[in-house]
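Where a number appears in this text, it was derived from the coordinates with a stated rule and is not lab data. Keep in mind that this is a model prediction, so the values were computed, not measured. Here the Cβ positions follow ideal geometry from the backbone for every residue, glycine too, while neighbour counts run over all protein chains shown.
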Amino acid sequence: MGATGSIGSQTLEVFRREPDAFELVSISGGTNVNELSTIAKEFNVRHIGVSDDHSASALRELVGPDVAIEVGAKGLEVLSSNADIVVNAVVGFAGLPVTMSALKAGKRLALANKESLIAAAPLVEKVRSTPGAVILPIDSEHCAIHQALASSTSSMPYPDVRKIILTASGGPFRGWSKDRLVGVSKADALAHPTWSMGPKITIDSSTLMNKGLEVLEASALFGIEVDRVDVVVHPQSVVHSLVEYIDGSVIAQLSMPDMRLPIAYCLGLPGRLDHSWGKIDFTSGLELTFEAPDREAFPALDLAYSAARLGGAAPAWLSAANEISVEAFLQGMISWQGIVETVSAVMDKYVPTALSSIEDLLENDANARRLASEIIAK
């Protein structure tokens, strides 16, 4: 799901490399009907999801009568329950139906959509217990943790683990002071030094909100309280994350930056696919450096930790307000610093609220988006 985006496109590259290992049975791609048609014809896909009726009509003209077309969130739910492995590469909160449907159906969920897990963590936890359901993280950092935790002799919440250490590239503004960040442009923020990603995630990386969301994601994925999750800036993006055990041992996963590696890992388990994506040449003068994040210049990180400690609907508010703010920045409505300022203003209005149903979540998500939009309009 999300076949036409950055992660979706790289997942297709894995399929092309392994034509005998996988059958692609369904795809979705919002309103990108031309790309969906091309993918469907290449892989002989018979089920496609789009976001609206207009796109469905346009797609029908391209693929003919033999392909089933599903529309909207309900369509995503249908498509996400009819395969052995579901790759959730939908951007933002819109990926929630995929996550919930795949887990309820007892599928392997290869998750690149962190927002749905973060916003709905209490609800996702309930359906993770479905027989056969498993979440495997495509995010390079969480995929690295998944591999490093193989050294643990325990299970969640991993009492033999002292801390999880997430690495951050630092984005395009690493080393910039708070004053220097005033007035940075959209082009500057989209110029990530090591990764090629979609615009939303790239902007999140520039503010370090992406890393804050990953802190929340790590806590939810691995059942480890947020105060056992640390962040360290590692500009080379070779060490993708580390796990420190109580005896002082640190296990890390290393590779050159290439998202096809974690995608292939999630698809190939319990084995590993034979490829060389991310291969490191250790004779090439490789240097690995680490530093603490600048929390004054990049306050998004502490906002995320605060939301995690509040629990309940707070992570949903954080994620929703951030989505609205990033989109406003991309449209030229607010400054780069206005992104986190808006999110902070929204979180100041949060009243602790428990999440017991999807309806609760949708209401809180809508409230946070409304508040963010009102603040931006002013």
Can you give the alpha-carbon Rg of the chain over 2.2 N^0.38 Å, where N counts its residues? 0.96
Between beta-carbons, use under 11 Å as the cut-off and find the net charge around Leu96, counting Lys and Arg +1, Asp and Glu -1. -3
Restricting to bridges with both residues inside the range 143-309, how much of the DSSP beta-bridge set is antiparallel, in percent to the nearest 5? 70 percent
Applying the gyration tensor rule to the Cα atoms of the range 212-256 (axes a ≥ b ≥ c; rounded if a/c under 1.5, else prolate if a/b exceeds b/c, else oblate), the class is oblate
Near the amide H of Arg162, under 5 Å away, which other amide H atoms are found, from residues 5 or more places off or on another chain, if H is placed in the peptide plane? Glu244, Tyr245, Ile246
At most 16 other Cβ atoms within 10 Å and a DSSP loop assignment: could you name the trypsin sites (Lys or Arg not before Pro) in the range 1-95 that fit? Arg46
Once you put a point 7 Å from the Cα of Phe282 and another 7 Å from the Cα of Leu362, both along the Cβ direction, what distance in nm separates them? 5.3 nm
Determine which residues of the range 237-265 fall in the zone a paramagnetic label at Thr289 would reach in this model, i.e. backbone nitrogen under 14 Å from the point 7 Å along Cα→Cβ. 237-238
With a/c under 1.5 counting as rounded, go ahead and sort the range 95-175 into rounded, prolate or oblate using the C-alpha gyration tensor (a ≥ b ≥ c being the square roots of the eigenvalues; past the cut-off, prolate if a/b is larger than b/c, else oblate). oblate
Two decimals is fine: what is log10 I(q)/I(0) at q = 0.22, 0.28, 0.29 Å⁻¹ for the range 186-237, from a Debye sum with one equal scatterer on every Cα and no solvent? -0.85, -1.08, -1.11
Filter the GluC sites (Glu not before Pro) in the range 180-277 down to the DSSP loop ones having no more than 11 other Cβ atoms within 10 Å, then list what survives. Glu225
What is the fewest-to-most order of Met347, Met333, Met209 by other Cβ atoms lying within 10 Å of their Cβ? Met333, Met347, Met209
Cross-link partners among lysines for Lys107, C-alpha distance below 18 Å, same-chain residues fewer than 8 apart left out? Lys74, Lys126
Does a label point 7 Å from the Cα of Asp179, set along Cα-to-beta-carbon, have any residues of the range 277-314 with amide nitrogen under 19 Å, and which are they? 294-299
With only helices counted (DSSP H, runs n ≥ 4, each -39500 (n - 2.57)), the per-residue ellipticity at 222 nm for the chain, to the nearest 500, works out to -13500 deg cm²/dmol
Of His234, His47, His275, the most mobile residue in a GNM of the chain (C-alpha springs, cutoff 10 Å) is His275
Note on the range 143-309: alpha-carbon gyration tensor, axes a ≥ b ≥ c; rule is a/c under 1.5 for rounded, else prolate if a/b larger than b/c, else oblate; result oblate
Let me check I've understood the local charge: for Asn367, count other residues with C-beta under 13 angstrom from its C-beta, Lys and Arg +1, Asp and Glu -1. What total comes out? -2
Likely footprinting exposure, Lys107, Lys126, fewest C-beta neighbours within 10 Å first: Lys126, Lys107
Within the range 1-73, which GluC sites (Glu not before Pro) sit in a loop by DSSP and count at most 14 neighbouring Cβ atoms inside 10 Å? Glu23
Compute the signed sum of charges (Lys and Arg +1, Asp and Glu -1) over the other residues within less than 11 Å, Cβ to Cβ, of Ile165. 0
If you put +1 on each Lys and Arg Cβ and -1 on each Asp and Glu Cβ, how big is the dipole of the range 6-137 around its Cα centre, in Debye rounded to 20? 420 debye
